Amino acid sequence: MEFEDVEVPWNPERHLQQTKLTKKVLVTENQAAFEQHGPMPRYMQFASRQKNKWNHERSYRIQMVSFAGDYLPEKSSVHKSMNWAKYKLAVTKHKEEEQMSSSIYNQNDPWSPTVQFSNFIDNENIQDEDLVAWITTGFLHIPHAEDIPNTVTAGNGVGFYLRPYNYFNEDPSVFSEDAVYFQAHEDFSSCSVNPIACLSQTSSCAPQTPPFTYNGFDNEYIVL
């Protein structure tokens, strides 16, 4: 997202700063390595040359919701043993010899680690290649009185989202048959109204649950 200086149509002497969506293709590993305190694009997409029916590139978006924060100063003598944490996100070309960002053996000699992640980022071309996204997530938790008897989980979410972005032509969940809507006047046992009613006929792995009752409750469909 960038700002574009635009004249106010009814008053050319005044200007507006209008947000503008710009697209940039990152072609090397160095361009796609984002350090902890550096800026990141608002949208980060892994796009293919294939298009959906709206003529947009079929892609997946990485949406990051938490960052680990600082872990060691770069001047530390053991910084190299875990410098994967230096990056919020780094994208590299897939290589069989680059399976993990660290190694359990790094703790044996952190001054000269077996695996040094920064060596993976060597400015290779990543366009039209099989890619690996190395994502660092985390948060800082300082113990406090409200941790007793159980640590509060609200506000401590960690992770990221991998979301389809123009990958489909529409929301694929509309084809899900586990969400059914029908009205009171409709026949809920009809397959055209309620596909779940005929699930046993269309799915070989659907459980065959025998009817039962318990204190007046039965396991049949109920129209509300």
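The values are calculated or read from the model by the stated rules, or taken from the named source; none is laboratory data. Keep in mind that this is a model prediction, so the values were computed, not measured. Here Cβ is always computed from backbone atoms with ideal geometry, including for glycine, and neighbour counts include all displayed protein chains. These accessible areas exclude ligands, DNA and RNA; they are computed on the full protein's heavy atoms, side chains included. Shrake-Rupley method; radii C 1.70, N 1.55, O 1.52, S 1.80 Å.
Could you list all residues from region 96-135 that are part of a loop (DSSP other than H, G, I, E, B), open to solvent by less than 40 Å² (accessible area, probe 1.4 Å) and either out of contact with any Lys or Arg (no Cβ under 6 Å at 6 or more places or on another chain) or among the acidic types (D, E) (or both)?
E98, S101, S102, S103, P110, V115, I121
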Next on the checklist: free of Cβ contacts under 8 Å to residues at least 12 places away in the same chain, farther than 26 Å from D128 by Cβ, surrounded by 10 or more Cβ atoms within 10 Å (Cβ to Cβ) and out of contact with any Leu (no Cβ under 9 Å at 6 or more places or on another chain): is that true of S48 in this structure?
Outcome noted: no
Checklist entry - Cβ-Cβ below 6 Å, separation at least six or inter-chain, first residue in region 113-127 and under 14 Å from A85 (Cα atoms), second surrounded by 11 or more Cβ atoms within 10 Å (Cβ to Cβ) and among the β-branched types (V, I, T): which pairs? => result F120/T92
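Check T19, T92, T28 and return the single one that is open to solvent by 60 Å² or more (accessible area, probe 1.4 Å) and in contact with a strand residue (DSSP E or B) (Cβ under 7 Å, 6 or more places away or on another chain).
Of the residues listed, the single one that is open to solvent by 60 Å² or more (accessible area, probe 1.4 Å) and in contact with a strand residue (DSSP E or B) (Cβ under 7 Å, 6 or more places away or on another chain) is T19.
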Checklist outcome for this item: The number of residues in region 141-161 that are within 21 Å of the chain's Cα centre (by Cα) and part of a loop (DSSP other than H, G, I, E, B) is 7
Next on the checklist: One residue is enough: does region 69-81 have a residue meeting the conditions open to solvent by 40 Å² or more (accessible area, probe 1.4 Å), under 22 Å from N30 (Cβ atoms) and touching a strand residue (DSSP E or B) at 6+ places or on another chain (Cβ under 6 Å)?
Outcome noted: no
Next on the checklist: So, in region 5-35, exactly how many residues are in contact (Cβ under 8 Å) with a residue 60 or more places away in the chain and in a loop (DSSP other than H, G, I, E, B)?
Outcome noted: 6
Checklist outcome for this item: When region 36-45 is checked residue by residue, the ones that are assigned to a strand (DSSP E or B) and either of a type in the set (A, V, I, L, M, F, W, C) or open to solvent by 100 Å² or more (accessible area, probe 1.4 Å) (or both) are M44
Checklist entry - Of the residues that sit in region 136-170 and are surrounded by 10 or more Cβ atoms within 10 Å (Cβ to Cβ) and of a type in the set (D, E, K, R), which one is farthest from H56 (Cα to Cα)? => result D147
Checklist entry - Only one of (1) outside any strand (DSSP E or B); (2) under 19 Å from the mean Cα position of the chain (by Cα); (3) at pLDDT 90 or above is not met by A68, so which one is it? => result (3)
